[in-house]
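*Asks:* Can you read through this structure? Questions will come right after.
The values are calculated or read from the model by the stated rules, or taken from the named source; none is laboratory data. The shown structure was predicted, so the numbers you read here are calculated from the model rather than taken from an experiment. Glycine also receives a Cβ, built like all others from the backbone with ideal geometry; neighbour counts cover every protein chain displayed. These area figures cover heavy atoms from the full protein model, side chains too; ligands, DNA and RNA do not enter into them. Shrake-Rupley method; radii C 1.70, N 1.55, O 1.52, S 1.80 Å.
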Amino acid sequence: LFPCSLEGLTAEVACLTDAKNSPNRKCFVCATEELGDKKLLKCSRCKEAVYCGRECQTSHWKQSHRKLCCHSKKLKGLVNIDFSHFENFYDWNLISRPPMTDEQAEKQGKRAIRD
């Protein structure tokens with residue numbers, strides 16, 4: 001559903017959760033609080049992510065925000081969901097398979113044509 005790793009998604013939702021629960025805005029990377037004349041900078045695209053400076057913004061952009069910036073409204077909605085209701089309901093451990101090699105993809109394509 002989201003174009004990034006589970007770790008990136010989890011980190012992004014954690015930042016949004018912290019932002020929702022904190023009375024003061026905090027940098028999404030280093031958690032520096034906005035105090036008095038020290039204003040944090042918002043992401044110009046989503047207006048949700050905030051940073052204390054260029055270094056933190058660049059770091060977060062490379063880690064995950066580049067892929068998730070346009071999904072910030074959806075992610076912010078996830079913050080409001082109480083996932084404890086889903087415990088013991090579904091196994092969230094997804095099995096991941098390594099990507100197919102070119103040879104495997106070619107063999108699979110030939111099998112599909114024969115069938």
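*Asks:* So if I check each of 5, 64, 44, 22, which one is of a type in the set (Gly, Ala, Ser), over 16 Å from the mean Cα position of the chain (by Cα) and at pLDDT below 90?
*Replies:* 22
*Asks:* Confirm whether residue 46 is surrounded by 16 or more Cβ atoms within 10 Å (Cβ to Cβ) and either in contact (Cβ under 8 Å) with a residue 60 or more places away in the chain or touching a Ser or Thr at 6+ places or on another chain (Cβ under 7 Å) (or both).
*Replies:* yes
*Asks:* Do we find that residue 22 is polar (S, T, N, Q), within 23 Å of residue 80 (Cα to Cα) and open to solvent by less than 70 Å² (accessible area, probe 1.4 Å) in this structure? Step through it out loud before you land on a result.
*Replies:* Numbers: polar (S, T, N, Q): yes; within 23 Å of residue 80 (Cα to Cα): yes; open to solvent by less than 70 Å² (accessible area, probe 1.4 Å): yes.
Answer is yes for this residue.
*Asks:* I'd like the residue in segment 27-47 that is assigned to a loop (DSSP other than H, G, I, E, B) and in contact with a strand residue (DSSP E or B) (Cβ under 9 Å, 6 or more places away or on another chain) and, out of all such residues, is nearest to residue 66 (Cα to Cα).
*Replies:* Of everything passing the filter in segment 27-47, 43 is nearest to residue 66 (Cα to Cα).
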